[in-house]
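Quick notes on the structure that follows.
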Amino acid sequence: MNKTALVTGAGSGIGKALSITLAQRGYHILLVGRDHNRLELASHEISAFSTSRIFCTNLTDPVARARLTDSVLAQTGTPALLVNNAAVMPYGAFLNATDAQLQETFATNLAAPADLTLRLFRSSIHQQMSKQHGVIFVLSAAARFPQPYNSLYSASKAGLRYLAESLQVEMDSHIQICLAYPPLTASPMTENFIPPNRLIQKSSTKLVAEKIIAGYEAGKFEVAWFDWEAIPSWFYRFAPKVFRRVLKSQKQKLQQLFK
Ligand SMILES: NC(=O)c1ccc[n+]([C@@H]2O[C@H](COP(=O)([O-])OP(=O)(O)OC[C@H]3O[C@@H](n4cnc5c(N)ncnc54)[C@H](OP(=O)(O)O)[C@@H]3O)[C@@H](O)[C@H]2O)c1
């Protein structure tokens, strides 16, 4: 079996930890990101466990995505695992967002994972893959309930969630699709996030990555945490109108969650 894993956003945070965890399990890792120095550092850490290759790629660029997937397919074939992890989170009021932020968020968080999955697995429909291949979509609680002042991120992750859930049905016979909902985790993305109270702690990237990969290996369709964000998720699911009223009453607090 081809034990290659392509991980996007592999130079930092959860993506880097996922790359190291997969390397410890013997995968050859294809590290994708924009920052070459960070990818080199990740590659160096991985070298204690396995081999890796760096693809310095801006995933917002469709031409760069095509170049990446063509090169991967030509050199290593369809990877055993694609981890759609890279994302950006432009926090703030929707009307303050720039055109560039709007384009970047949907391109990175939604178009890129859809495009990479399509390009890398399009040929699988003619092959006997029998679930030796898989895709992990790294989602967020922001895909489970609307997050005012984080609207672009929330909308892009909700779109990604429905893409992933649709593929779970469509590709059921030959590709394992796993949805991961990490908890609040200490990473560059959340360094400006101020937890609203002391009970809310940031998880470590290592523990988050290990749980995601263990869940994937166990054949789980979804890896989620029972944490503080589970409450609004369930609340929104069962009482969306009441939930929206609560959000409106908390507008000021929601605006202040990031420095
Ligand atoms: N941290 C949390 O609390 C949390 C909670 C739930 C879900 N998540 C999800 O977990 C995933 C990882 O986030 P993180 O917390 O680990 O944050 P992070 O360290 O900021 O990771 C995001 C990664 O995406 C890459 N990236 C961003 N734009 C890119 C682009 N245009 N092309 C290529 N790579 C790009 C970045 O690499 P470069 O800058 O090198 O390109 C970076 O390595 C994301 O999907 C996030 O939504 C995080």
Sole exception among (1) within 24 Å of residue 4 (Cβ to Cβ); (2) open to solvent by less than 40 Å² (accessible area, probe 1.4 Å); (3) more than 11 Å from the ligand (Cβ to nearest atom) for residue 97, by number: (1)
Filter result (open to solvent by 50 Å² or more (accessible area, probe 1.4 Å) and under 23 Å from residue 208 (Cβ atoms)) within segment 226-235: 226, 228, 231, 234
Hey, residue 179 touching an Asp or Glu at 6+ places or on another chain (Cβ under 7 Å) and either more than 11 Å from the ligand (Cβ to nearest atom) or over 17 Å from residue 86 (Cα atoms) (or both) or not: yes
Members of segment 13-36 that are more than 22 Å from residue 117 (Cβ to Cβ) and near the ligand (Cβ under 9 Å from one of its atoms): 35, 36
Filter result for residue 196 (within 16 Å of the ligand (Cβ to nearest atom), over 22 Å from the mean Cα position of the chain (by Cα) and in contact (Cβ under 8 Å) with a residue 12 or more places away in the chain): yes
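The values are calculated or read from the model by the stated rules, or taken from the named source; none is laboratory data. In this text the structure is predicted, and so the values were computed from the model without any measurement. Methodologically, a virtual Cβ is constructed for each residue, glycine included, from the backbone with ideal geometry; neighbour enumeration extends over all protein chains shown. When the accessible area is computed, the model is the full protein with side chains, heavy atoms only, and any ligands, DNA or RNA have been set aside. Shrake-Rupley method; radii C 1.70, N 1.55, O 1.52, S 1.80 Å.
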